[in-house]
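What follows is a short report on a single structure.
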Amino acid sequence: MKFENTLSYAQQLDAQDPLHPLREEFLFPQQNGKPFIYLCGNSLGLQPKSAKEVLGKQLDNWQNLAVEGWFEGETPWMFYHKELKELMAPIVGAKPAEVCPMNTLTVNLHLLLVSFYRPDQKKFKIIMEAGAFPSDQYALESQVRFHGFDPEDAIIEIAPRPGEYTLRTEDITRIIAENADQLALVLFGGINYFSGQWFDMPAITKAGHDAGAIVGFDLAHAAGNVPLQLHDWQVDFACWCTYKYQNSGPGGIGAIFIHENHFADDQMNRFAGWWGYQESIRFKMEKGFIPEPGADGWQVSCTQVMPMALYHASLKIFEQAGFMEPLRKKSLSLTAYLIYVIGEVNATIGTEQYKIITPANENERGAQLSIIAKGDAKAVFNKLVENNVLGDWREPNVIRFGPAPLYNSFEDIYRAGELLLQLSREEAI
Ligand SMILES: *Cc1c(COP(=O)(O)O)cnc(C)c1O
């Protein structure tokens with residue numbers, strides 16, 4: 001596509017965008033009486049206008065039904081998660097039985113590792129990407145120690161080649177194959193939070209399985225951002241948060257995926273709780289854990305109705321958008337436009353002031369671009385925020401912009417670029 005760096009052109013793209021009206025479904029933070037240009041949906045998605053109403057309905061149920069709300073009302077709490085499962089499944093390419101909203105991300109990662117990381121003296125190693133989100137590193141290290149192994153021996157991190165910022169699939173699959181004898185688990189991010197690289201998930205899954213390992217993904221930055229086919233790709237398990245691209249609010253409910261291939265495995269360890277017990281007989285309160293079939297059987301504590309209500313509000317907007325295919329189509333154009341606009345900024349300045357480290361190939365990225373900035377980039381970033389453009393900053397020198405197709409416009413990107421250019425020139429003077 002041939003772009004133009006003008007306001008009228010950006011507005012024309014918005015006028016042609018069938019998803020543009022969905023922007024009206026969200027609340028934008030304000031500063032000095034003006035809305036922010038919000039490019040931080042990769043960190044915390046915006047609040048749907050409907051969130052108050054959907055949450056309010058459950059507060060009403062609590063008020064009016066109290067304990068009877070578990071089985072009565074329009075959406076009895078006992079079964080509320082099933083309504084969400086139907087809407088979550090198309091977002092990650094799963095069957096509804098394979099997904100479940102519960103807990104929060106790192107907690108779920110631990111619970112899933114209990115089931116899927118079962119090391120023995122021969123096969124105990126884990127392969128992950130170097131520079132994974134710290135919470136994932138801590139979770140894996142502590143799990144390895146819990147099983148009596150040393151993270152130094154047990155965890156293999158795959159790093160970019162010298163001088164490169166992202167991983168090559170050929171390196172990932174080769175290292176998996178080389179370690180097949182000792183490999184228990186491959187645990188990768190779907191999209192790396194820092195570089196924005198979307199890993200070749202089907203290739204990694206296949207390589208892991210060929211090596212006789214289990215393959216899981218942390219999809220914090222992928223779920224609701226890029227189209228996923230977890231079921232067809234034969235991914236064993238996955239977990240993600242819903243407060244980034246899926247707008248469920250700070251500390252929003254987490255979610256898990258368990259491939260149906262594992263439903264019948266009754267040898268699988270799990271840390272059980274009453275809410276994972278078979279639903280039809282849960283309230284018999286009997287001794288001896290019998291899991292509910294499917295992902296629901298991994299639930300531990302009773303279902304979190306209020307966080308689910310907030311997530312539900314956003315899921316209904318995903319449904320309205322037609323789920324991931326139209327969203328991805330728009331996301332690709334938004335991000336391509338952002339790449340173009342940053343290129344124009346650099347060209348006008350006359351040097352590569354802003355270097356995009358996220359892969360240029362659209363099959364290797366989602367919405368987010370990570371940009372290494374030269375000079376006093378922190379000063380430029382702070383001024384962007386002062387002037388109502390909100391991206392995020394990652395030490396030492398990376399600006400992340402993650403335009404979200406549900407609520408960002410081409411005009412947002414044009415205006416962010418215009419300001420970036422203006423501020424960079426001022427800083428340089
Ligand atoms: C955002 C993020 C987390 C956050 O975990 P919480 O348990 O929700 O606090 C973990 N891992 C990755 C990869 C993330 O991007």
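Every number here is computed from the coordinates shown, using simple stated rules; none is lab data. Here the structure is a predicted model, which is why all the values come from computation and not from measurement. Reconstructed Cβ throughout: ideal geometry from the backbone, glycine too, with neighbour counts over all protein chains shown.
Taking Cα atoms only, the orientation of helix 305-321 departs from the longest principal axis of the chain by about 50 degrees.
Hey, what angle do you get for helix 7-16 against the long axis of the chain, alpha-carbon based, 0 to 90 degrees rounded to 10? The helix 7-16 is inclined about 40 degrees to the chain. Checking every one of the trypsin sites (Lys or Arg not before Pro) in region 8-91 against DSSP loop status and a limit of 16 other Cβ atoms within 10 Å picks out Lys49.
Among residues other than Gly69 with Cβ under 13 Å from its Cβ, the summed charge is -3 (Lys and Arg +1, Asp and Glu -1). Shape class for the chain, computed from the alpha carbon gyration tensor (a ≥ b ≥ c): oblate, with a/c not under 1.5 and a/b at or below b/c. Taking a ≥ b ≥ c as the square roots of the eigenvalues of the Cα gyration tensor of region 75-320, is the shape rounded (a/c under 1.5), prolate (a/b larger than b/c) or oblate? It is oblate, given that a/c is not under 1.5 and a/b is not larger than b/c.
Site-free segments of the chain were taken between chymotrypsin sites (Phe, Trp or Tyr not before Pro) in DSSP loops having at most 13 other Cβ atoms within 10 Å, sites themselves excluded; the longest one is 72-270. Modelled label positions at Glu395 and Asn64, each set 7 Å beyond Cα in the direction of Cβ, lie 5.1 nm from each other.
Comparing His20, Gly273, Phe36 along the charge dipole axis of the chain, the residue lying farthest to the positive side is Phe36, per the Cβ-charge model. Exposure proxy ranking for Val385, Val186, based on other Cβ atoms within 10 angstrom of each Cβ and starting from the fewest, stands as Val385, Val186. Say the cut-off is 21 Å between C-alpha atoms; which of Lys49/Lys244; Lys52/Lys316; Lys49/Lys95 go over it? Beyond 21 Å: Lys49/Lys95.
The ranking of Cys100, Cys40, Cys302 from fewest to most other beta carbons within 10 Å of each one's beta carbon is Cys302, Cys40, Cys100. Restricting region 232-335 to trypsin sites (Lys or Arg not before Pro) that sit in a DSSP loop and have at most 10 other Cβ atoms within 10 Å of their own Cβ leaves Lys287. Dipole size of region 291-429 about its Cα centre, with +1 on Lys/Arg Cβ and -1 on Asp/Glu Cβ: approximately 120 debye, rounded to the nearest 20. Under a model in which nothing but the beta-carbon of Lys, Arg (+1) and Asp, Glu (-1) is charged, region 75-320 shows a dipole of about 560 debye around its Cα centre.
The mean sequence separation of alpha-carbon pairs under 8 Å and at least six residues apart, normalised by the residue count of region 75-320, gives a relative contact order of 25 percent. Percent relative contact order of the chain, based on C-alpha pairs within less than 8 angstrom and at least six residues apart? Value for the chain: 24 percent. Would you work out which of Pro101, His259, Met285 lies farthest towards the positive end of the dipole of region 75-320? Charges go on Cβ: Lys and Arg +1, Asp and Glu -1. Looking along the dipole axis, the top candidate is Met285. Seen from Ala295, the other residues with C-beta closer than 14 Å to its C-beta sum to a net charge of -4, counting Lys and Arg as +1 and Asp and Glu as -1.
Seen from Phe28, the other residues with C-beta closer than 12 Å to its C-beta sum to a net charge of 0, counting Lys and Arg as +1 and Asp and Glu as -1. Loop-located GluC sites (Glu not before Pro) in region 142-222 (DSSP state other than H, G, I, E, B) with a sparse environment of at most 13 neighbouring Cβ atoms within 10 Å: Glu164. What shape does region 254-313 have by the C-alpha gyration tensor, where a ≥ b ≥ c are the square roots of the eigenvalues, rounded means a/c under 1.5, and otherwise prolate means a/b greater than b/c and oblate the rest? The shape class here is oblate. How far is helix 51-65 tilted off the main Cα axis of the chain, in degrees rounded to 10, range 0 to 90? Helix 51-65 and the main axis of the chain meet at about 30 degrees.
For the residues Leu46, Leu187, what sequence is obtained by ranking on other C-beta atoms within 10 Å, fewest first? Each step should come with its number before you reach the end.
Working: Leu46 23, Leu187 29.
With the sparsest Cβ surroundings first, the list reads Leu46, Leu187.
A helix-only calculation puts the chain at -12000 deg cm²/dmol for mean residue ellipticity at 222 nm, using -39500 (n - 2.57) for each DSSP H run of at least four residues, averaged over all residues.
With the simple model of a label 7 Å out from the Cα in the direction of the Cβ, Val300 to Ala177 spans 3.9 nm. Of the residues Ala184, Ile156, Phe146, the one whose Cα sits farthest towards the positive end of the charge dipole of region 122-218 is Ala184 (charges of +1 on Lys and Arg Cβ, -1 on Asp and Glu Cβ, taken about the Cα centre).
Dipole check for the chain: with +1 at the C-beta of Lys and Arg, -1 at the C-beta of Asp and Glu, and the Cα centre as origin, the magnitude is about 400 Debye.
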